[in-house]
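Please treat every number below as a calculation from the coordinates, not as lab data. The model shown is predicted, which means the values in this text are computed figures rather than measured ones. Quick reminder, even Gly has a Cβ in these numbers, built from the backbone with ideal geometry, and neighbours come from all protein chains shown.
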Amino acid sequence: MRNSRYRYSRLVMIIGSIVFAVSAGVLLVDPFAFVSYIGLTSNESVVWSFRLTGVLLVALATHMATTSRNAGDPAFRRAALVMILASIGLAVLTYLAPGTATTGRWVFVGIGAGFAALYMITLPIKSIGYKEEQPTSA
């Protein structure tokens, strides 16, 4: 959206969709490596659950990319607020997950917290060049 109040937040959402798409690809191709990377004990059920999560991340990445490019400002703002909650939730749940605390786990906690922080920082910023519509007098 060229004249959008949330230009920077839209960029954050695009980058987030790329991160989710890459994660989805890894989860679909080699979920065992991902499970061990974040320090979980792997069995067939866990690996299968992560593979299913990869399918969901494909849908979420596509939705995020579409929303960031095509949604109006009010709808985008609501989606960004949901992404703040989702990012915080993913960071907290990754931190609290059973298993050993590996470097990979800390990377994903940092990514989740980082995206939540980026949304919270960029949502209030007025985009440079944004022209607010002037109220019309009757």
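Results, tabulated for the structure shown:
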read-out	value
Nearest-ten-degree value, helix 103-122 long axis tilted from longest Cα axis of the chain	10 degrees
Relative packing of peptides 19-26, 39-46, 6-13 - highest average C-beta neighbours within 10 Å first	6-13, 19-26, 39-46
For the chain, alpha-carbon Rg relative to the globular expectation (2.2 N^0.38 Å, N residues)	1.23
Using a Förster distance of 25 Å, the FRET efficiency for THR103-VAL22 (Cβ separation, nearest 0.05)	0.90
Candidates ARG78, ARG105, ARG51: whichever shows maximal mean-square fluctuation once the chain is modelled as a Gaussian network with Cα springs under 10 Å	ARG78
